[in-house]
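Just below is one structure, and these are the notes that go with it.
The values are calculated or read from the model by the stated rules, or taken from the named source; none is laboratory data. In this text the structure is predicted, and so the values were computed from the model without any measurement. Cβ coordinates were reconstructed from backbone atoms using ideal geometry, including for glycine residues, and neighbour counts include every protein chain displayed.
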2 protein chains.
Amino acid sequence: MHSIKNNGTGKTSIAVDMDGVLANVYARFLEMHKLDTGEIFSPDYLIGKPEAVAFPHILKHVNSAGFFRSADLIPGCREVMERLNEVYAVFIVSAAMEFPNSLKEKYDWLAEHFPFIHWSQIVLCGSKSLINTDIMIDDHFKNLDFFKGSKTLLFTQPHNAIADPGRHIRVHNWEEIARLLL
Amino acid sequence: MHSIKNNGTGKTSIAVDMDGVLANVYARFLEMHKLDTGEIFSPDYLIGKPEAVAFPHILKHVNSAGFFRSADLIPGCREVMERLNEVYAVFIVSAAMEFPNSLKEKYDWLAEHFPFIHWSQIVLCGSKSLINTDIMIDDHFKNLDFFKGSKTLLFTQPHNAIADPGRHIRVHNWEEIARLLL
């Protein structure tokens, strides 16, 4: 595939989402919901529910200091990202602006776990509507549906698990992403 | 002008830079340089010099806590931005990622001075190469030269004052921006 965008590198460009694609925010939601209420959800309970429906205190959670900084990695993402970063113009694009206290946490989290990603490859935004890359990997239809690039990968998370991906390619894990893009 | 981009609003979209377009960072550089060295530059001395050449301690300055938070507004920008925001899909796009401690300061500064700008309209990035709007207003050629939209406005600052704007439209102040775009 040849890049249709000018990103200064001539490489095909990818916008990779953070929450739910690189960062395991569901594990954090489950952990904080249990701390708050004592409830432990079965995995089935979460399927098909928007995050804010499954976790009624989600706004409190994501506004808690350390919520993003201490998130675990989604398995396999670091290794595949390192290989993608050699071949593609990789950008990490996170709709973080709703939670301004998360901005520095997200930067620090990326610096710790993805030392091969330069600061020039990070975008923290409100809306992804003005992001112009060839490929987008995201777990939210609101980002993928309006994307103008050529390829969209829907990363499976409980909230989107029973939705029809439509024109998007559903991927369940980072091994599938590696098979598709490497 | 009809929007060529899908930003979900149908409006023509504008990416507006912060430093040197909304925020008067030169006044901050001059102030901090004077505090550091006792030197007061004549305005002529700054003309045509890259910021890092004119201000040898610039990295120390921009990494100082409060540097961005306490910047003054460029005259007229708030009033014109408020009117632009009614007609256009306005995004404030700042290449802030090199200075991660500035991220929250920039958010807070915007919230104070531009209360009519929603968080969804803010982008803090490393490179502007993946920003897709119709119009860009910026004081740096490195951002304007690779922009793929239809109109680029070069905002005059000492560092760019004697450069040939080439395909960009030079504007000297916010009154000129209002005359061009409103």
Residue within segment B:50-59 that is within 24 Å of A:Cys125 (Cα to Cα), part of a loop (DSSP other than H, G, I, E, B) and in contact with a Phe, Trp or Tyr (Cβ under 6 Å, 6 or more places away or on another chain) present: no
Filter result (exposed (fewer than 15 other Cβ atoms within 10 Å of the Cβ) and either touching a residue at least 60 places away in the same chain (Cβ under 8 Å) or part of a helix (DSSP H, G or I) (or both)) within segment B:68-79: B:Pro75, B:Gly76, B:Glu79
Residue within segment B:94-102 that is at negative phi, assigned to a helix (DSSP H, G or I) and without any contact (Cβ under 8 Å) to a residue 24 or more places away in the chain present: no
Residue match in segment B:80-87 (condition: free of Cβ contacts under 8 Å to residues at least 24 places away in the same chain and either facing chain A (nearest Cβ under 10 Å) or out of contact with any Phe, Trp or Tyr (no Cβ under 7 Å at 6 or more places or on another chain) (or both)): yes
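May I ask you to list the residues in segment B:43-67 that are touching a residue at least 60 places away in the same chain (Cβ under 8 Å) and over 17 Å from the mean Cα position of the chain (by Cα)?
Correct list: B:Pro43, B:Leu46, B:Ile47, B:Gly48, B:Lys49, B:Ala54.
Tell me the residue from A:Leu124, A:Leu110 that is in the same structural domain as A:Val87 (by TED's automatic domain parsing), in contact with a Leu (Cβ under 6 Å, 6 or more places away or on another chain) and not in a loop (DSSP other than H, G, I, E, B), please.
Numbers: A:Leu110 fails: in contact with a Leu (Cβ under 6 Å, 6 or more places away or on another chain).
Going through A:Leu124, A:Leu110 in turn, the sole match is A:Leu124.
Just the residues that are assigned to a helix (DSSP H, G or I) and either among the small types (Gly, Ala, Ser) or without any contact (Cβ under 8 Å) to a residue 12 or more places away in the chain (or both), please, taken from segment B:145-182. Step through it out loud before you land on a result.
Taking segment B:145-182 and keeping what is assigned to a helix (DSSP H, G or I), we get B:158-160, B:174-181.
Result: B:Glu176, B:Ala178, B:Arg179.
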Pairs with Cβ under 9 Å, 6+ apart, first in segment B:129-144 and away from chain A (no Cβ under 13 Å), second of a type in the set (Val, Ile, Thr) and in a loop (DSSP other than H, G, I, E, B): B:Ile137/B:Val21; B:Asp138/B:Val21; B:Asp139/B:Val21; B:Asp139/B:Thr156
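Filter segment A:22-42 for residues that are part of a loop (DSSP other than H, G, I, E, B) and touching a residue at least 40 places away in the same chain (Cβ under 8 Å); which is nearest to A:Phe67 (Cα to Cα)?
Filtering segment A:22-42 down to residues part of a loop (DSSP other than H, G, I, E, B) leaves A:22, A:24, A:38-42.
Remaining after also requiring touching a residue at least 40 places away in the same chain (Cβ under 8 Å): A:22, A:24.
Values: A:Leu22: 14, A:Asn24: 11 Å.
This residue is A:Asn24.
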Residue that is nearest to A:Ala95 (Cα to Cα), among those in segment B:88-118 that are at the interface with chain A (Cβ under 10 Å from one of its Cβ atoms) and surrounded by fewer than 15 Cβ atoms within 10 Å (Cβ to Cβ): B:His118
Residue check, A:Lys104 under 13 Å from the mean Cα position of the chain (by Cα) and under 24 Å from A:Leu59 (Cβ atoms): no
